[in-house]
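Down below is the structure, laid out as structure tokens.
The values are calculated or read from the model by the stated rules, or taken from the named source; none is laboratory data. Nothing here was measured: the structure is a model prediction, and the numbers come from that model. FYI the Cβ positions are ideal-geometry reconstructions off the backbone, even for glycines, and counts take in every protein chain you see. The protein model used for the area step is the full one, side chains on, heavy atoms only, and it has no ligands, DNA or RNA in it. Shrake-Rupley method; radii C 1.70, N 1.55, O 1.52, S 1.80 Å.
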Amino acid sequence: MVRTIEVDCLVIGAGPGGSVAAREVAERGHSTLLIEKRAEIGIPVRCGEGIAGSVLKMLGLSPDPAFVAAKVEGARIFSPGGSSVTLGKEIMRREEGYILRRDIFDRELARMAVRAGSDVMVMCEALGFKREGGKAIVPCRRLGERFDVRASVVVGADGFEAQVGRWGGLDTNLSLRDFDSCIQYQMVRKGADERYCDFYLGGKVAPGGYVWCFPKGGGLFNVGIGINGSMMDGMAAPKRYLDSFISRNEDFKSGKVLEVNAGGVSVGLPLERTVADNLVLVGDAARMIDPLTGGGIYTACYSALRAGEVVSDAIAAGSCSEADLFPYEKAWRDHLEPALVRDYLAKEKFLDVTDEVLDTVIGALSIRPPSELSIFEILRVIKEKFPGIASELNL
Ligand SMILES: Cc1cc2nc3c(=O)[nH]c(=O)nc-3n(C[C@H](O)[C@H](O)[C@H](O)COP(=O)(O)OP(=O)(O)OC[C@H]3O[C@@H](n4cnc5c(N)ncnc54)[C@H](O)[C@@H]3O)c2cc1C
């Protein structure tokens, strides 16, 4: 007979989404258990680690050097032909940009959850999900032991490879066109500019995606590539394209690789339903990730904050049916969905954009100094050069 742990809320996955959700529910006085299948929270890091300062503020954090590796001045976008445009603070809505140490950041969020009263178990894997007597039952395995967790609500925060939603009856299917396959090297590069996050576009560089290079300070950079699933010619394509980019680029060639990691990013629309009886999904598990940039830390944390509020209310009211949890669906959609849909449409267009178009737009913008570049100016150039694309995107 397996033992059963009883809690108000079980959170599956201790990424940013899971830890923030656990913190919110525990803070409101409900018994909460956060489980993570890996041995160490935050490791391995599968992330470029770029984040806007407003995300830290939203979480009540300051840019602590313990988990912030570097501050950046903006972004540079390189066309396939080599033109580049620099997007400074003026265009970033005066936002500060940071590169995190995700391993420390994720652990800090988990620490905050524990300080708020949540329990946490690492090396603990959820194996399924069923409902019984108005509660969720989740079989778990930890260090060879099998036990069940019985909870009023489960928060599925199990990331890109999520299974909890499917176990709970939600449709989580993803088409090839709606995911990017990524590989990233942590590299040491001598003498490279450490002020900007760089993005390299083009079909020959990264089909349907881009190469990024984010500075972590002291000569360290995250250099990665995402390739759209529909444009992959073999499983090894991301590595092949990234190695080819590095070998062709004088600035990168002499760099040395200290770490390699790989992962997937969904670039589709968020799930049609993120709530079921006794279940809510947050972050990547709900496919809440910006389809154009692949950025998902903000959306994971924002959705987790809203999930924490709604889940707590439902537990307090003594009923956690789909209808009781439905306010979560509205809360995150009202705030996040318009931008996610807009960027999904832009990503769909981006998949068809030729290298010539990228060279023309970026070339036309590259002659402007960063201080004179605004969203308005970028839209003006796209409208002037490519009125068809502009009208399809409602620009
Ligand atoms: C290569 C790459 C680069 C990226 N770069 C950026 C970037 O620069 N900026 C940005 O904002 N976003 C970036 N992202 C996206 C970002 O990493 C994710 O959107 C973010 O981590 C989502 O947080 P999450 O909490 O939803 O999921 P995750 O951080 O993926 O956390 C899910 C956790 O659940 C655990 N888990 C899974 N299944 C189970 C189970 N059955 N039982 C117990 N635990 C389980 C996993 O081990 C994991 O720790 C990148 C992604 C990749 C792959």
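Observations on the model:
- A residue that is under 25 Å from Gly363 (Cβ atoms), more than 16 Å from the ligand (Cβ to nearest atom) and either open to solvent by 20 Å² or more (accessible area, probe 1.4 Å) or free of Cβ contacts under 8 Å to residues at least 24 places away in the same chain (or both) cannot be found anywhere in the range 215-230.
- Residue, farthest from the ligand (Cβ to nearest atom), within the range 284-301, restricted to residues that are of a type outside the set (A, V, I, L, M) and over 17 Å from Ser54 (Cβ atoms): Pro291
- Of the residues making up the range 302-331, just one is within 12 Å of the ligand (Cβ to nearest atom) and surrounded by fewer than 24 Cβ atoms within 10 Å (Cβ to Cβ), namely Tyr302.
- Hits in the range 121-134 - residues which are within 22 Å of Lys37 (Cβ to Cβ) and either touching a Lys or Arg at 6+ places or on another chain (Cβ under 9 Å) or open to solvent by less than 50 Å² (accessible area, probe 1.4 Å) (or both): Met121, Val122, Met123, Cys124, Glu125, Ala126, Leu127, Gly128, Phe129
- Filter pass, Leu143 being more than 24 Å from Met288 (Cβ to Cβ), hydrophobic (A, V, I, L, M, F, W, C) and within 16 Å of the ligand (Cβ to nearest atom): yes
- Hey, Asp251 touching a residue at least 24 places away in the same chain (Cβ under 8 Å), closer than 29 Å to Asp359 by Cβ, in a strand (DSSP E or B) and not hydrophobic (A, V, I, L, M, F, W, C) or not: no
- Once the range 8-57 is narrowed to residues that are near the ligand (Cβ under 8 Å from one of its atoms), farther than 16 Å from Glu108 by Cα and in a strand (DSSP E or B), the residue that is least open to solvent (accessible area, probe 1.4 Å) is Ile12.
- Subset of the range 275-298 [open to solvent by less than 10 Å² (accessible area, probe 1.4 Å) and on the phi < 0 side of the Ramachandran plot]: Val275, Ala276, Leu279, Val280, Leu281, Val282, Ala285, Ala286, Met288, Ile289, Pro291
- Screening the candidates Arg107, Arg111 for the property of being basic (Lys, Arg), within 13 Å of the ligand (Cβ to nearest atom) and either more than 20 Å from Thr32 (Cβ to Cβ) or assigned to a helix (DSSP H, G or I) (or both) yields one hit, Arg107.
- Residues of the range 238-250 include at least one that is within 22 Å of the chain's Cα centre (by Cα) and surrounded by fewer than 18 Cβ atoms within 10 Å (Cβ to Cβ).
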